[in-house]
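I have placed the structure first, in the form of structure tokens, so that the comments after it can refer back to it.
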Amino acid sequence: MKYKYILPVMIAAGVLFAFVRVLQPVPEPITEETWDAVEKVMSKEAWASEPVIVHPVWEHSAFQRFRNHILTMGKPTSKGIFAYPRVWMVIARGAGNTGYLEETHKLTYDQKIGEVRLQRWEKPEVENLVFDFFSNVRQAKVRLFDKKGKTRACNNYRNLHWVCPVRDWNKVGQSTVQVKGEWQSAVWQHPLAQWTTEARFENVPMDAFIKGQYALADAAINKLPRGSKVSFRVLVNDKVVGDFSTANKKGWKDFQIDTSEFKGIRATVLFQTSTSRDAMRHFCWRASVMSDDKKSSEKNKTADEKADSAQPSGEVK
Amino acid sequence: MLTLTEGKGFMRTRLAYLLFGLLIVGGHLAILFATVDNMGLTDDDDFYVPAGVEQADYFAKMVTKAVKGDFSYIDHKKIANSFRIEHRHPGVAKSMMGLTYLIFNRILGWYDKMDAARIGIMLFAVWIVYMIFRMGWEIFGARVGIFASLAFILLPRSFFHSHVGTLDIAVTATYLSIIYYCWRAQRGHWIYIILTGVMYGVAMATKLNAPFAILPMLLFWAYRWRQVSVLGENAPMTRKRIIWIILSVGTLSLPVFFILWPWLWVDTVDRFIEYVRFHMNHYGILLLYLGDIYNDPFAPWHAPFVYTGVATPFVTLLLGLSGFFIALRSLNPLYLLRFPGGLDEKRDFALLFAVNAFICIGVVAFPNNPKYGGVKLWQPMFPFFVLLAGYAFDIMLDHLGDIAKLGERAKKIAFPVALALCLTPAFIGMMRNYPDLLTYFNELAGNLPGAAEMGMERQYYDQCYKSYIEYWNSQEQWKSIVVSYEPNQHEYQRTYPWYQRMGKLRKDVRFAGPDRARFMILTHERRWPRYPDILQEYRNRKEIYTHSIWGVPLYTIYDLKPEEDRKKPPKPRDDKAVRKPGAAIESLRKQQTLRSRIKDHKAEPVKNPGQKQAEKGKK
């Protein structure tokens, strides 16, 4: 007889639960006052171009906030966001799982502001970050040049990319690409045969080394497994400091370039890509200027604070 | 079994059966017709409807000629020409769409092309409800028939798919028909034995999911075979009948499959191999599942189960799962060996439905297949699932009656009350998402807001929005509206023009790239890897409209060039001017007058394209 209770009780509970949930009202948006207060804190505490993750994903009122930051609604679909040394998170009512950053970052700031929580998550190496090229790709000057010295400027900025004039797929900018099965954010810099594609970052505060990664997107290797190699060069003040070449293998290739000879100065950093045959050469990279110790980073910070206003907006301050 | 209440007169039961059947099936048909205009077109409508029209044309011509003894249409070239748009999938659903298009558009002229073709799919949906009602009532009793058919109608996503010009609801109907005729064939007229075989062929010629119906059928016949050994004459069907049904399926299905798909009439072997090979290596399609994007590799095996768990109304889900597990009791080897208690048709068919439900979702979940499009790929599971829900609902009512010691009268009242209580949340949920029912998520997921936050797709299928059409139709202040539709303009620029052709969307809304567009429509589809980048790029632009359901934005319209409103009203487009010669001359006159006022101006007046074309023509 007892088992006869199971089904009616379970269904009655289910019906009650369903009524309560289905009649729940449309959630109220976060108030303007709260957003203003959050932005005020962020303006003091955050660096420009740092990612801000907003939970819940549907909090539409966040769209026009954090204008100088990379806004991510909900858990990032691009794993590239997890590569950032510092990530901010705004948590409002209705948020689901927000603990996923624990695997890569450490919570260093947590404050309740109005009806939301503002959190800052940091990686250990954040102390050493001096300049991030991916975040500042909009400040770059992009051009094409060939061996005869012919130059074409790529000065049409569209959809987060500098579009080059020769072929419309030849562009440089922030992209989301699939690398070794994971969606990642990186600088897309598809090379063009007979030309060198160059991204030029001026006035970059230099320090001990430039650290980064480069890769061919998975699609490039799947569709053309024997495609041409892409030559990837890094120059500081016109001196070649890194010269790499891609193999047709999936996954990121790490690089670290010693730039200690430029430490403490502001320099022009160039990233150049070229190839003999450009079919399916979906090349992308990301890189940062890093100091080798906390002290030098602090030093840089002081120097930067004194620097003129022409510095790139995404620079660490 | 044909009973409403035990012990009542046959006529009264028969009348109730007809009345409820007519009410539910007729009501469903009326609702489908009434809502067709609100169910946005999808990328599949744009693809399969023209293919269906093409195929129906072919059939009409071929049959007309063949009747006169002219078989010239069974020809390599003519078949190739008639199956240009789509020949990756078999033809039943498409031919049905083409047929209803011919009847309701070309002959009767009652509906526009798209809606007329969609009626074909709506008829399949009505057929599903009819079969659910009949099987539910006749196998399990009136309460199950009524509950299961209403529960199916109130599955929000299936309701949406019941309008879409594609194959999923069609294969749901034909798959269910196999089981329906299999059930009818076990005792009924010999025609049902033939129909089982024919229907298996029809289902094969609808979509690739259908042939998998053979697995539960074989298990069922093995089960029945065993029953003959144990129950002897009390068994529900004889072994001879089982063999006849198997023979019918084995001999009739393949010929029917080939007859219904003219694409295979020539180069049969090569084309059949190509068909199988295409589906064995189906390209990946993006899916957002628990916050991660899947394409290659495909989503994990559990994605279909979780999507079903959050996209089926909660009470129906609870009842369906209860019914499923109750049905699995029959797999107990001791039961299968002895069948203690004799014949129990309810139990037998509950097991058959449970196995079918599992196979329908399992063939998508377990092989290394692309999984995408919410719950659309395993739609054939849902009729079995609601029947199992009805089965559990019936058991629940029995248990409730026993516990509460309800009298006959109280039992009669308990049924409609329980029916209303169990299905009302589904109805409310459906209405709160209407008409964008692909955004439906159940109470367990926290409805749409909870599911979106969980990282599930809040929309897919490149669905057009009724609200989008209404929005532009109401914006009289703008003329010649140029829009860019991200992240997947490629599909939307093919589907929305259908509304213009049907006269539902104003004609001056057209698509262009983001650099040339005045407005950007951003659908918040996170499965597109580019979505975060696009949101980042455009979110600071002037937002003029956001369509939200339950506070969750589905798409936002940005004005990329609000400064254009401050400029002079735009001149009519040159191509329009060409169509009106007087207007073209007028605009040239104005240009010349303006230029003559500029001192030292020696350049040639700017020519409009029409003038250039005229000059080319002279040359």
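The values are calculated or read from the model by the stated rules, or taken from the named source; none is laboratory data. Since the model is a prediction, treat every value here as computed from it, not as a measurement. Here Cβ is always computed from backbone atoms with ideal geometry, including for glycine, and neighbour counts include all displayed protein chains. Just the protein is used for accessible areas: all its heavy atoms, side chains included, with ligands, DNA and RNA removed. Shrake-Rupley method; radii C 1.70, N 1.55, O 1.52, S 1.80 Å.
Name the pairs whose Cβ atoms lie under 6 Å apart, with the first residue in segment B:478-496 and closer than 18 Å to B:S467 by Cα and charged (D, E, K, R), the second open to solvent by less than 30 Å² (accessible area, probe 1.4 Å) and in a strand (DSSP E or B), and 6 or more positions between them or separate chains?
B:E486/B:L522
Considering B:A311, B:A327, which residue is under 24 Å from B:R143 (Cβ atoms) and at pLDDT 90 or above?
On the way: B:A311 fails: under 24 Å from B:R143 (Cβ atoms).
Being under 24 Å from B:R143 (Cβ atoms) and at pLDDT 90 or above holds for just one of B:A311, B:A327, which is B:A327.
All but one of (1) touching a helix residue (DSSP H, G or I) at 6+ places or on another chain (Cβ under 8 Å); (2) more than 14 Å from chain B (Cβ to nearest Cβ); (3) in a loop (DSSP other than H, G, I, E, B) hold for A:G94; which doesn't?
(2)
Looking at segment B:277-289, is at least one residue of a type in the set (F, W, Y), open to solvent by 70 Å² or more (accessible area, probe 1.4 Å) and at pLDDT below 90? It would help to see each step written out before you state the result.
Within segment B:277-289, the first condition is being of a type in the set (F, W, Y), and the residues that meet it are B:278, B:283, B:289.
Pick out the ones that are also open to solvent by 70 Å² or more (accessible area, probe 1.4 Å) and you get B:283.
Checking the rest, the ones that are also at pLDDT below 90 come to B:283.
Within segment B:277-289 (the criterion being of a type in the set (F, W, Y), open to solvent by 70 Å² or more (accessible area, probe 1.4 Å) and at pLDDT below 90), the answer is yes, since at least one residue qualifies.
Please state which one of A:S288, A:S297 is modelled with pLDDT under 70, under 22 Å from the mean Cα position of the chain (by Cα) and either surrounded by 14 or more Cβ atoms within 10 Å (Cβ to Cβ) or of a type in the set (F, W, Y) (or both).
Values: A:S288 fails: modelled with pLDDT under 70.
Testing whether each residue is modelled with pLDDT under 70, under 22 Å from the mean Cα position of the chain (by Cα) and either surrounded by 14 or more Cβ atoms within 10 Å (Cβ to Cβ) or of a type in the set (F, W, Y) (or both) leaves just A:S297.
Looking at the structure I just gave you, is A:F66 open to solvent by less than 50 Å² (accessible area, probe 1.4 Å) and assigned to a loop (DSSP other than H, G, I, E, B)? Lay out the reasoning, then the answer.
On the way: open to solvent by less than 50 Å² (accessible area, probe 1.4 Å): yes; assigned to a loop (DSSP other than H, G, I, E, B): yes.
Here the answer is yes, as A:F66 does meet what is asked.
Can you say whether A:K211 is open to solvent by 10 Å² or more (accessible area, probe 1.4 Å) and assigned to a loop (DSSP other than H, G, I, E, B), as far as the supplied structure shows?
Values: open to solvent by 10 Å² or more (accessible area, probe 1.4 Å): yes; assigned to a loop (DSSP other than H, G, I, E, B): no.
For A:K211, the condition - open to solvent by 10 Å² or more (accessible area, probe 1.4 Å) and assigned to a loop (DSSP other than H, G, I, E, B) - is not met.
Between A:Y100, A:Y3, which is at the interface with another protein chain (Cβ under 9 Å from one of its Cβ atoms), out of contact with any Asp or Glu (no Cβ under 9 Å at 6 or more places or on another chain) and within 30 Å of B:L388 (Cα to Cα)?
Values: A:Y100 fails: within 30 Å of B:L388 (Cα to Cα).
From the options A:Y100, A:Y3, the qualifying one is A:Y3.
Taking segment A:258-272, which residues are assigned to a strand (DSSP E or B) and out of contact with any Lys or Arg (no Cβ under 8 Å at 6 or more places or on another chain)?
Step one: list which residues in segment A:258-272 are assigned to a strand (DSSP E or B), which gives A:258, A:266-272.
If the condition is that a residue be assigned to a strand (DSSP E or B) and out of contact with any Lys or Arg (no Cβ under 8 Å at 6 or more places or on another chain), then A:D258, A:R266, A:A267 are the ones that fit.
With segment B:13-116 as the region, which helices (runs of 4 or more DSSP H) entirely inside it contain at least 3 residues that are under 25 Å from B:I128 (Cα atoms) and open to solvent by less than 30 Å² (accessible area, probe 1.4 Å)?
On the way: elements: B:43-67, B:76-82, B:92-101.
Counting at least 3 such residues, we get B:43-67, B:92-101.
Would you mind finding the one in B:Y391, B:Y434, B:Y471, B:Y461 that is within 14 Å of chain A (Cβ to nearest Cβ) and within 20 Å of B:M39 (Cβ to Cβ)?
Working: B:Y391 fails: within 20 Å of B:M39 (Cβ to Cβ); B:Y471 fails: within 14 Å of chain A (Cβ to nearest Cβ); B:Y461 fails: within 14 Å of chain A (Cβ to nearest Cβ).
Of B:Y391, B:Y434, B:Y471, B:Y461, the one residue that is within 14 Å of chain A (Cβ to nearest Cβ) and within 20 Å of B:M39 (Cβ to Cβ) is B:Y434.
Say we look at segment B:447-458 and pick out the residues that are more than 7 Å from chain A (Cβ to nearest Cβ) and either of a type in the set (K, R) or without any contact (Cβ under 8 Å) to a residue 40 or more places away in the chain (or both); which of these is surrounded by the fewest Cβ atoms within 10 Å (Cβ to Cβ)?
Our first condition is that a residue be more than 7 Å from chain A (Cβ to nearest Cβ); within segment B:447-458, this holds for B:448, B:450-451, B:456-458.
Restricting the remaining residues to those that are either of a type in the set (K, R) or without any contact (Cβ under 8 Å) to a residue 40 or more places away in the chain (or both) gives B:450, B:458.
Details: B:G450: 23, B:R458: 26.
So the residue we want is B:G450.
Tell me which residues, restricted to segment A:21-51, are of a type outside the set (D, E, K, R), more than 8 Å from every other protein chain (Cβ to nearest Cβ) and either more than 39 Å from the chain's Cα centre (by Cα) or open to solvent by 80 Å² or more (accessible area, probe 1.4 Å) (or both). First the steps, then the outcome.
Taking segment A:21-51 first, the residues of a type outside the set (D, E, K, R) are A:22-27, A:29-31, A:34-35, A:37-38, A:41-43, A:46-49, A:51.
Filter once more, keeping what is more than 8 Å from every other protein chain (Cβ to nearest Cβ): A:25, A:30-31, A:34-35, A:37-38, A:41-43, A:46-49, A:51.
Listed by number, the residues that qualify are A:P25, A:S43.
Conditions: (1) part of a loop (DSSP other than H, G, I, E, B); (2) of a type outside the set (S, T, N, Q); (3) open to solvent by 10 Å² or more (accessible area, probe 1.4 Å); (4) within 14 Å of chain B (Cβ to nearest Cβ). A:F82 meets all but one. Number of the miss?
Condition (1) is where A:F82 drops out.
Each row is one residue, and each column tells you yes or no for (1) assigned to a helix (DSSP H, G or I); (2) without any contact (Cβ under 8 Å) to a residue 40 or more places away in the chain; (3) surrounded by 22 or more Cβ atoms within 10 Å (Cβ to Cβ).
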| position | (1), (2), (3) |
| --- | --- |
| B:G320 | yes, no, yes |
| B:L337 | yes, no, no |
| B:L351 | yes, no, yes |
| B:P367 | no, yes, no |
